[in-house]
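In what follows, a structure is listed as structure tokens, so that the remarks can point back to it.
The values are calculated or read from the model by the stated rules, or taken from the named source; none is laboratory data. Predicted, not measured: the structure shown is a model, and the values here were computed from it. Backbone-built Cβ (ideal geometry, glycine too); neighbour counts: all protein chains shown. Heavy atoms of the whole protein, side chains included, go into the accessibility calculation; ligands, DNA and RNA do not. Shrake-Rupley method; radii C 1.70, N 1.55, O 1.52, S 1.80 Å.
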Amino acid sequence: MDRFAGRVAFVTGAAHGIGAAAARRLHAEGATVVLADVDTAAADGVARSLGDASGDGGRALAVACDITDAASVDAAVGAAAGRFGRLDALVNVAGGARPHPGLLDGMTDDDWAGTVDLNLAGPVRCVRAAAPHLARQGGAIVLVGSVNGLQSFGDEAYSAAKAGLSSLAQNLAVRLGPSGVRVNVVAPGTIRTRVWDTQGGPDRLAPLYPLGRVGEPEDIAAAIAYLASDDAAWVTGVTLPVDGGVLAGPLARLTRLEEGETGQEAAG
Ligand SMILES: NC(=O)c1ccc[n+]([C@@H]2O[C@H](COP(=O)([O-])OP(=O)(O)OC[C@H]3O[C@@H](n4cnc5c(N)ncnc54)[C@H](O)[C@@H]3O)[C@@H](O)[C@H]2O)c1
């Protein structure tokens, strides 16, 4: 597939996990990718692993970018557009849950604001910086939300911020549609990335998933690539759960598990 030949994608959070997988997928499909991350060393490592980083004519460039800092985002997007002369897709993957006390267990306003800043205001900063470059037929914005934004799985601040992305995408879809720019959200379920390393790994949650496993970063990268591509030319303003079925019927799933069914039997 060559869906992104000649196109430039700006991917935040591209140094690790889902963002790195998205950058790899878009690059494999012909895109020039800008890997924007606070962890510039790791982003550079991903860019180099793509085989044609840095030098003139290469299709992968790592740039320093902190989505909690408007000046940093503006500089990163400006550098990308300046270097490659165009921007066709913004993929905001950077984000994540932050450790804090529970909402009613001592969470401070700063705890709340920090999580919302990273997961909702951060993507807004990226959209503001990138939109002027994207504003033409075929431009696409893909924001990474979470199933937490669609149903209660805990962490109110993170969940509210991710839920906000769906409303943001709808409003931006209406605003930017006439310019030919589409705006969508991918809402992953549990994905095997480093964020689960300190929580006993993701596989303990596998039985909750009707498809019998947690997700891999590549599962999300495939959905991001779809929504960023012309295959989704008439898709805008939607939130697409990519979740192994966890939202399809969690209560029914729990009931079946309690009745003794294993994940394997449920998947088969
Ligand atoms: N892993 C999961 O189970 C899961 C589930 C649902 C949603 N998500 C979402 O997917 C996204 C990626 O998560 P992941 O699991 O790949 O995490 P990860 O920690 O592996 O990757 C996150 C990346 O974002 C970068 N980053 C963090 N803060 C940043 C900032 N302020 N500016 C720029 N870059 C920053 C990190 O350096 C890292 O490269 C997050 O938005 C997360 O909320 C993850």
Conditions (1) free of Cβ contacts under 8 Å to residues at least 12 places away in the same chain; (2) closer than 28 Å to A135 by Cβ; number of the one not met by G51: (2)
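Report yes if V127 is within 14 Å of L90 (Cα to Cα), within 15 Å of the ligand (Cβ to nearest atom) and not small (G, A, S), otherwise no.
Yes, satisfied.
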Any hit, segment 81-88, residues being touching a Pro at 6+ places or on another chain (Cβ under 6 Å), open to solvent by less than 50 Å² (accessible area, probe 1.4 Å) and under 12 Å from F10 (Cα atoms): no
Segment 1-26: number of residues that are open to solvent by 20 Å² or more (accessible area, probe 1.4 Å) and more than 14 Å from the ligand (Cβ to nearest atom): 6
Cβ pairs under 7 Å, 6+ apart, first in segment 136-155 and within 9 Å of the ligand (Cβ to nearest atom), second part of a loop (DSSP other than H, G, I, E, B) and modelled with pLDDT of 95 or more: V144/V93; V144/G95; V147/G189; V147/D243; V147/V246; V147/L247; N148/D155
In segment 191-228, the residues that are under 12 Å from A22 (Cβ atoms), open to solvent by less than 30 Å² (accessible area, probe 1.4 Å) and away from the ligand (no atom under 14 Å from the Cβ): A225, L227, A228
Qualifying residue in segment 186-198 (condition: part of a helix (DSSP H, G or I), touching a strand residue (DSSP E or B) at 6+ places or on another chain (Cβ under 8 Å) and within 18 Å of L227 (Cβ to Cβ)): no
Residue within segment 116-123 that is surrounded by fewer than 16 Cβ atoms within 10 Å (Cβ to Cβ) and not aliphatic (A, V, I, L, M) present: no
Residues that are assigned to a loop (DSSP other than H, G, I, E, B), free of Cβ contacts under 8 Å to residues at least 24 places away in the same chain and either within 21 Å of A140 (Cβ to Cβ) or touching a Pro at 6+ places or on another chain (Cβ under 6 Å) (or both), drawn from segment 201-243: W234
Search result, residues across segment 126-142 that are under 15 Å from A80 (Cβ atoms) and of a type in the set (K, R): R128
Residue in segment 160-183 that is of a type in the set (V, I, T), within 13 Å of the ligand (Cβ to nearest atom), at pLDDT 95 or above and buried (at least 18 other Cβ atoms within 10 Å of the Cβ) present: no
